Amino acid sequence: VVPALAAFLAANPKVEFELIGRIPMPDELLPFGNRIQVLPPVFPYEAFLRYLASREWDIGFCPLTKSAFNLYKSNTKWVEYTGCGIASFGRRGVIY
């Protein structure tokens, strides 16, 4: 997903991207500077949901690679995004 995201960011200079949690910043996104933010994890879960809603995202990504492990995941990320009024998209062939 990162190469496609980098290409999208390059073609759309007004777009910003945020990661929440312990997800490391992909090197391919470093050239976009302050348009990319890595935000710390938020606990407890109820506080995370309030924080997520406060970010006012337009779109939430939940792109899982197709693997045996990911085939058993639940649709929690989609539920979180939907509950916060965030449109989401994922990948065909896995839970999202």
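The values are calculated or read from the model by the stated rules, or taken from the named source; none is laboratory data. This one's a predicted model, so the numbers in the text were calculated from it and none came from an experiment. Glycine also receives a Cβ, built like all others from the backbone with ideal geometry; neighbour counts cover every protein chain displayed. Each accessible area value is taken on the protein alone, full model and side chains, heavy atoms only, with ligands, DNA and RNA left out. Shrake-Rupley method; radii C 1.70, N 1.55, O 1.52, S 1.80 Å.
Annotation: amide H-H contacts under 5 Å for Val15 (H modelled 1.01 Å from N, sequence separation of 5 or more, or interchain): none. For region 1-86, the set of chymotrypsin sites (Phe, Trp or Tyr not before Pro) satisfying both a DSSP loop assignment and a count of at most 10 other C-beta atoms within 10 Å is given as Phe69. Accessible surface for the chain, divided over its residues, is 70 Å² per residue with a 1.4 Å probe.
For region 1-91, the set of trypsin sites (Lys or Arg not before Pro) satisfying both a DSSP loop assignment and a count of at most 15 other C-beta atoms within 10 Å is given as Lys14, Arg22, Arg55, Lys66, Lys73, Arg91.
Using only side-chain charges placed at the Cβ, +1 for Lys and Arg and -1 for Asp and Glu, the dipole size of the chain relative to its Cα centre rounds to 300 debye.
Distance between the 7 Å Cα→Cβ label points at Ser54 and Asn70: 3.1 nm.
The H on the amide N of Ser88, modeled in the peptide plane, is under 5 Å from the matching H of Gly60, each at least 5 residues off or on a different chain. Working note: Karplus 6.51/-1.76/1.60 with θ = phi - 60° gives region 24-35 the couplings x, 5, x, 4, 5, 9, 4, x, 8, x, 6, 6 Hz, where Gly and Pro are set to x.
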